[in-house]
Structure formats: structure tokens, C-alpha cells
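The values are calculated or read from the model by the stated rules, or taken from the named source; none is laboratory data. Given the structure is predicted, the values throughout are model-derived calculations rather than measurements. Ideal geometry is used to build each Cβ from the backbone, glycine not excepted, and the neighbour counts take in all protein chains shown. Accessible surface areas use protein heavy atoms only, side chains included; no ligands, DNA or RNA. Shrake-Rupley method; radii C 1.70, N 1.55, O 1.52, S 1.80 Å.
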Amino acid sequence: MSILVDRETKIITQGITGKVGLFHSQQCRAYALEHRPKDQVMVGGVTPGKGGTEIDGFPVFNSVAEAAKKTGANTSLIFVPPVACADAIMEAADAGMRLIVAITEGVPVLDMARVKRFLEGYPKSRLIGPNCPGIITPEVAKIGIMPGYIHKAGTVGLISKSGTLTYEATWQLGRIGMGQSTAVGIGGDPIIGTKYIDLLKMFQDDPGTEAILLIGEIGGNAEIEAAAYIKEHVTKPCAAFIAGQTAPPGKRMGHAGAIISGGAGTAEEKMAALRAAGVEVAPSPADMGEAVKRAIAKRK
Amino acid sequence: MKIHEYQAKALFAKAGVAIPQGIVAKTAEEAAAAFKTLGGSIAVVKSQVHAGGRGKGTFKEHPEQRGVVLVKSADDAKANAARMLGSTLVTIQTGAEGKQVSTLLVEQGLQIERELYLGIVVDRETGLPCVMMSSEGGMNIEDVAHDTPEKIFREHFDVSLGFQPFQARKLAYALGLSDEAVKFAQSFLPKIAKFFVDRDCSMVEINPLVVTKDGQLLALDGKVTFDDNAAFRHKDLAELRDLTEEEPTEVQAQAAGLSYVKLDGNIGCLVNGAGLAMSTMDLIKFHGGEPANFLDVGGGADVKQVTEAFRIILADKNVKAVLVNIFGGIMKCDTIVTALLSAYDTVGFTVPLVVRLEGTNVELARQMLKDSGKKITSASDLTDAAQKVVASLKA
């Protein structure tokens, strides 16, 4: 079992004729073919003005609505440049995509404020990202830029703000024989489509998920909200790691959202809140996999 | 991107946001002339640096001189300006090294009735911009939030709809403003909120926002930070950037497409991905070392970028060892090692280098490192890498 991505998932790429969009569409297609050779998972792409053409076997459409109608796609993967990202997300929602995964990095924050309001009118569409590695249900479908082969099917639900740190955690889990039910990169921007608490709820309800690993970082208070939610609603074992324990205040650490401002949003306060909620917090990034193991052992 | 107070105020004025009369001065003579032009019996001379705490700050060269002073004559303005210009202002925000002052803002003196606080930021929880006001003008808002949170009032607003007059009235009445000032706030607050949206700000702070004796609201200070992601639609703002206010290596890194933040430790690190880069700093600290920097080389990590990254790390004289931590996913480890080896030669390494690689083609990559004959220590995992780099300092 899994969340958000399953065997019904059919994906199109917005921005498929760009270099990066095409490369990752090919990677996602190869991943699907390897695990489900009989199914059509990556079904095409959209680039306005290039409708009716084909690129490396992917049919290209002018609009998401047309692509959805002709291919039955229900999921969109977005690689358009930052200037066009908000528009692409809104188009995907309008065309009825139930899952929209925005990889694009560098979207203006106020564009996301507008998008977030717009999406309130489309309750059936869920946005993941932007500025994220995407989402993968191992051995079922990969919708993003993560290296597919490091993910093994299993029972850990993974939620993370960061890309390579997620790969690191996945790698550590693999070394102790644990796979993921679904791994979701929610993105490192201040305003994102889906937050920890939305996903915590889904993992709690997913019978295929036995434990949850939450990877956070400095900035904002989403991890503290998550801690409060876990305390109230999550009965499954949870582990966490917060990046940026040594980050100086007032400096943006790569991600647009990773900044300690006014003394708030520190790793310390987030770790304390998670610990108080009964979460097994990894003190070192080398300890993420083991922390999951300890969280499970504690509940048994 | 941050800008100076005088630049922020010029933009405020263009947006119809009321500011005091002021003149920019770059020499002591200009400061004296500004006093005369303003025509009042008093004026305020303000150092223009990005850091806060200027009023209480003092100059290294003139310990008695404050960063913001009230002057009563043109000669007074001139004498103060002469001490301030070209001198180094140290405030609670500049660090001990301080900031050199090259520009002053000379402003009219005002009959002030009250000092308020106004801030606008994007609230991550709701995904909406939020106007925050407090009766405690001039105070640090974080301290007010901590000590007397009941004195802060907030109004969120929709980016497309803008800030509504009723919201301005809500805040104004909550702050107990006079009838004249409430009227003024109804036009002032929607205008500053519109400025925030129109210019894609990530923060606007007016502290203090003053209420004059005749019920006007004026932005006595102005701190503005723009959202760098939106720079593409505000090309006119680029010229407001003051590179002397930024860490030179951080500017150099940005130009090379690297994300770099200088820290105080002695172990340099080069990592792919922001989250992993932050974690690598944490890891070094966890094992008793001190990170010298945050550096995210990005997803590509080609020869040019890695070379530039090494140059930037090694330019920091505190750096006594370097840790490279790469998780090669789509980008294969052997590709990265090729870049590392080439950069190693170009840069001319003199400090220990520990490399930890994981991911695609890692065996081949490790063999390449071994066969290179260079003094590079290979590490098997995160903990091993941290222990080795910390130990290399003691060797």
C-alpha cells in the first residue's frame, strides 16, 4: 500500500520539451517500465505551441486539459521555469489533475500565495512542492527526480523538505533492510502545496505504512505543527531529523525557507517539540535509519 | 536582497507612502547644505548601512559618535557627518568588524505624538501576507512578541484583493489612534501593503512608524527585503543592490551558481543539496569539529562549479581541512570524482581533504580516488567522514 501514488496513477509532464523535463520524464518512464512493463504510466507531456508533435515517443499536447482527455492522465509533473510555474499549477488543477508535483525551484513566494488561494477552489487537486524532488511509491511509480534504484518497497512513510538528504535517509534505511511505502519531498520553500500534517494523516491511515520518518530543517514552524499533530493523532512509530542545528540566524541556507528569523525556527526548538511528542529524534544525520528502527522497537 | 533606508524611502514615496522630508548626503558639506534646505531648527543625520541598531551603535574611530544623531545647525550637521562618513559603525547587528559608512540621510525633525511598529511578512502557516502592528514603536518586535504578545495586532490579506480599509481601521482602533490618525491609516496601510505585493517583498519593516501631532502617519524608518526569486520581474531594483554590504565570497559564490554561507569554524565543506549541506555542518559539530561554511554545489556539480567551490572554501584562511560529501543520484559518483580530481589540481590543495561518496557508481568512483595518487582520504559513511576530517586537524 501507499499514499498519493498507486497503480491508477497516469502521469504527464508540463514542460516536457525542455532538457530537464525530458530527461526526467524518460527516467520516470524507465522506472515504471522496469517494475510494471505492462502498464502505461508516463503517458505524455504538455508544451503550449508544440501540440501534435512527439518527443522521444511521448505525445505532446498544447494544454493539460487536452492531454488529460486524450491520455487519461490524472497526475502532472511540472518542470516549467519559475516565471511560468504558478500558471502551470493552476492549469493542471483546472484540468482536473488530482496530483500536481512541482519540481521547479525559484518560484516567487507571492506567486505561491496566489496559487494557494486559487487551489482552494479545486479541493480535489493536491499540490506537492514546489522546489521538491517529487514523490515515489517504490516499485509502483516515480514522479520526480530522485534516483529510483535506491528506493525499495517497504513500510516506512518518508516526508522530507530536502532532496539529497532524503536520498541519504533512503540509503540508510536500505542498509538495515527497510524500504518505503511512499517517500514524499514536500519542498524547501516558505509556501508549499502539501505540509507535513496532511501527509502524516495519510500515512497514519495507510495500512501499508508501519512507521514514519520526518526530515525537516530550520525556518518556519511546520515541524512544530507536525509535532503537535503527531502527539494528538498519530499512533504509528515516528522518527525525525532536523537539519541546520549549526546554522547561523538570519542567513538563508540554500532553500528559500531555510532561515532562522527573529530567533524562531531553530533546529533546537523543533527537535524539542518532536521529542516531547514522543518522536525518536536522530541527533546526527548518520542516525536517521537507526532512529526509525529504534522508534519501531520502542512501540513493540 | 536588502536595500538601504534611503532607497526604501524613495520607493515608499513613489508608492504614495508618507515619509519625512530627507536628503541624501555623501560628504560633510552636503550634510550641511541638506540641513539648510530642510529649513527647520533641528534635523536627524542617519548612517546608511544594512544593519539595525544604528542609533545605539558607535564608530570604531570615534567611540563617542552615535550612528544616528539629532543636530541643531548646519555646522553641527557638518561636524557629525565628518566623523561618520568613512568611519566604521559597530552595532549589535554588524558584528565586531562593523560596517563602513559612505552615505548619510539627513531628515527633517518632527513633532512626534506616538511611535508605532509596522511589519509585513508572508505567514507560512496561512500562506498569506500579514500586516503586524504594535504600540511599542522603536522596540525590537521579537522582544515585544516574547514579553507582551498582547500588544501585537495582525491582519492577513489576500494578495489579489489587497489590504482593505476596514482592516486598517481594525488595526488603528486596536492601537487606540486618534480619529485623524485612523483616517490617515485607512490610506497609509493599504498603500504600504500594495507596495509589498507590487515589489515582491519578503519583508517590509517600519520601526518606528510615527504619528505626528497633527495625526499624520510617517515612515520614520524603512527596512525592505525583496524576494530574490522574483528578481526577474523587477529589473529596475537590481541597481539598488549594494555589494559592499555583502560578504565578498558569498557574492562570488552566487555568481558561480553556488549557495554559500561563511561560518566561523575551520572545516570547509562541499556538499550537493541544501538539506545535506546543512546536515554535513551538523555532523561535523556532532563529532567535535566546527564547520567553516555552508556550501551547496547544486545538482549538476560540474568541473567548473567544483573548482570555484574549492577556491571559495580555501580562500577562507581559517580552513584547515575540507570535507566533500556527495550523494550521487542521477549525477553519477564517477562524474563527480572526475570533477573533483580536476579541481584538486587546478586549485592546489594544501590542507587535508576527506571525500565521502555514496550513490550511483560509487565503487568505480572510490577506485578512481585511490588510483589518483593524490592525498585524498576516502570515507565509507557519514560518521566515518566526520571522524576522519576532525582527526585530520590533530594530525
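Would you mind working out the magnitude of the charge dipole of region B:112-238 relative to its Cα centre, with +1 at each Lys and Arg C-beta and -1 at each Asp and Glu C-beta, to the nearest 20 Debye?
420 debye
Can you compute the FRET efficiency between B:Asn318 and B:Gln387 using 1/(1 + (r/R0)^6), with r the Cβ-Cβ distance and R0 = 22 Å? Round to the nearest 0.05.
Values: r = 21 Å, r/R0 = 0.94.
Result of the calculation: an efficiency of 0.60.
Rank-order B:222-230, A:3-11, B:87-95 by packing density, defined as the average count of other C-beta atoms within 10 Å over each peptide's residues, highest first. Don't skip to the end; give the middle numbers.
Details: B:222-230: 20.3, A:3-11: 18.8, B:87-95: 17.2.
The peptides rank, most packed first, as B:222-230, A:3-11, B:87-95.
What total accessible area, in Å², is buried where chains A and B meet, using a 1.4 Å probe and rounding to the nearest 100?
Rounded to the nearest hundred, the buried surface is 4100 Å².
Compute the distance in nm between two label points, each set 7 Å from the Cα along the Cα-to-Cβ direction, one at A:Lys298 and one at B:Gln93.
Going from the A:Lys298 label point to the B:Gln93 one covers 4.0 nm.
What is the average number of partner chain Cβ atoms found within 10 Å of a Cβ in A:281-289? Could you put the intermediate results ahead of the total?
Working: counts 0, 1, 2, 9, 13, 11, 4, 2, 0.
Mean partner shielding for this stretch: 5.
Between B:Gln100 and B:Glu29, what FRET efficiency follows from the Cβ-Cβ distance if R0 is 22 Å, with the result rounded to 0.05? Mind dumping the intermediate values first?
Numbers: r = 19 Å, r/R0 = 0.88.
For B:Gln100 and B:Glu29, the calculated efficiency is 0.70.
Hey, what do the phi angles of region A:127-140 turn into as Karplus ³J(HN,Hα) couplings, whole Hz, using 6.51/-1.76/1.60 and θ = phi - 60°, x for Gly and Pro?
Result, ordered by residue: 9, 10, x, x, 6, 9, x, x, 9, 9, 10, x, 6, 10 Hz.
Counting Lys and Arg as +1 and Asp and Glu as -1, each charge on the Cβ, what is the dipole of region B:252-334 about the Cα centre in debye, to the nearest 20? Can you show the working numbers first?
On the way: 7 positive and 8 negative charges, 27 e Å.
That gives a dipole near 140 debye.
In what sequence, highest mean first, do A:29-42, B:8-21 appear when ranked by Cβ atoms within 10 angstrom? Before the final figure, lay out the partial values.
Values: A:29-42: 16.3, B:8-21: 17.9.
In decreasing order of mean packing, A:29-42, B:8-21 become B:8-21, A:29-42.
Tell me which lysines have Cα within less than 16 Å of B:Lys56's Cα, excluding those fewer than 8 residues away on the same chain?
Output for B:Lys56: B:Lys46, B:Lys99.
Kindly identify region B:248-392 as rounded, prolate or oblate by the Cα gyration tensor criterion: order the square roots of the eigenvalues as a ≥ b ≥ c, call it rounded if a/c is under 1.5, otherwise compare a/b with b/c, prolate if a/b is larger, else oblate. Write out the running numbers ahead of the final one.
Numbers: a/c = 1.34, a/b = 1.14, b/c = 1.18.
Verdict is rounded for region B:248-392.
Rank B:Leu209, B:Leu217, B:Leu357 by mean-square fluctuation in a GNM of chain B with C-alpha springs under 10 angstrom and give only the top-ranked residue.
Judging by the Gaussian network model, the answer is B:Leu357.
Within region B:86-115, whose backbone N sits under 14 Å from a point 7 Å along Cα→Cβ of B:Asn140?
B:91-95
If you line up the long axis of helix A:19-35 against the longest principal axis of chain A, both from Cα atoms, how many degrees apart are they, to the nearest 10?
It works out to around 80 degrees.
In debye to the nearest 20, how big a dipole does region B:21-108 give about its Cα centre with +1 on each Lys and Arg Cβ and -1 on each Asp and Glu Cβ? Numbers along the way, then the final one.
On the way: 11 positive and 8 negative charges, 33 e Å.
It comes to approximately 160 debye.
Of all DSSP beta bridges in chain A, what percent run antiparallel (nearest 5)? The partial results should precede the final answer.
Values: 9 of 45 bridges.
Around 20 percent of the beta bridges assigned by DSSP in chain A are antiparallel ones.
What percent do you get for the relative contact order of chain B when only Cα pairs under 8 Å and 6+ apart count?
Values: 816 pairs, mean separation 47.4, N = 395.
This gives 12 percent for chain B.
How many angstrom separate the Cα center of region A:1-44 from the Cα center of region B:93-130?
One Cα centre to the other: 48 Å.
Would you be so kind as to identify which of B:Ile152, B:Ala172, B:Phe195 lies farthest towards the positive end of the dipole of region B:128-196, taking Lys and Arg as +1 and Asp and Glu as -1 on Cβ and the Cα centre as origin?
B:Phe195
List the residues of region A:181-225 that lose 10 Å² or more of accessible area once all protein chains are present, compared with their chain alone (1.4 Å probe, heavy atoms only, no ligands or nucleic acids).
Residues passing the criterion (a loss of at least 10 Å², heavy atoms only) are A:Pro190, A:Ile191, A:Lys195, A:Glu217, A:Gly220, A:Asn221, A:Glu225.
Within region B:163-199, whose backbone N sits under 11 Å from a point 7 Å along Cα→Cβ of B:Ala15?
In region B:163-199, the label zone of B:Ala15 (backbone N under 11 Å from the point 7 Å along Cα→Cβ) covers B:189-199.
Given the peptides B:383-390, B:246-253, arrange them by the average over their residues of other C-beta atoms within 10 Å, most packed first. Mind showing how you got there, number by number?
Details: B:383-390: 21.8, B:246-253: 15.6.
My ranking of the peptides, most packed first, is B:383-390, B:246-253.
Taking only Cα atoms, what is the 0 to 90° angle, nearest 10, from helix A:222-233's long axis to the longest principal axis of chain A?
Its long axis makes an angle of about 70 degrees.
Name the residue from B:Leu369, A:Thr164, A:Tyr122 whose Cα lies farthest towards the positive end of the charge dipole of the protein assembly as shown, charges +1 on Cβ of Lys and Arg and -1 on Cβ of Asp and Glu.
B:Leu369
Taking each residue of B:266-276 in turn, how many C-beta atoms of other protein chains fall within 10 Å of its C-beta, and what is the average?
For peptide B:266-276, the averaged partner shielding equals 6.
Once you average over the residues of B:282-289, how many Cβ atoms of partner chains fall within 10 Å of each Cβ?
Details: counts 12, 7, 1, 3, 7, 2, 0, 0.
That works out to 4 on average.
Any idea what angle helix A:267-276 forms with the longest principal axis of chain A, computed on alpha-carbon atoms, 0 to 90 degrees, nearest 10?
Compared with the principal axis, the helix lies near 70 degrees.
Counting helices only, and only those DSSP H runs with n ≥ 4, report the 222 nm mean residue ellipticity of the protein assembly as shown as the sum of -39,500 (n - 2.57) divided by its residues, in deg cm²/dmol to the nearest 500.
Numbers: 21 runs with 246 residues, N = 695.
Computed ellipticity for the protein assembly as shown at 222 nm equals -11000 deg cm²/dmol.
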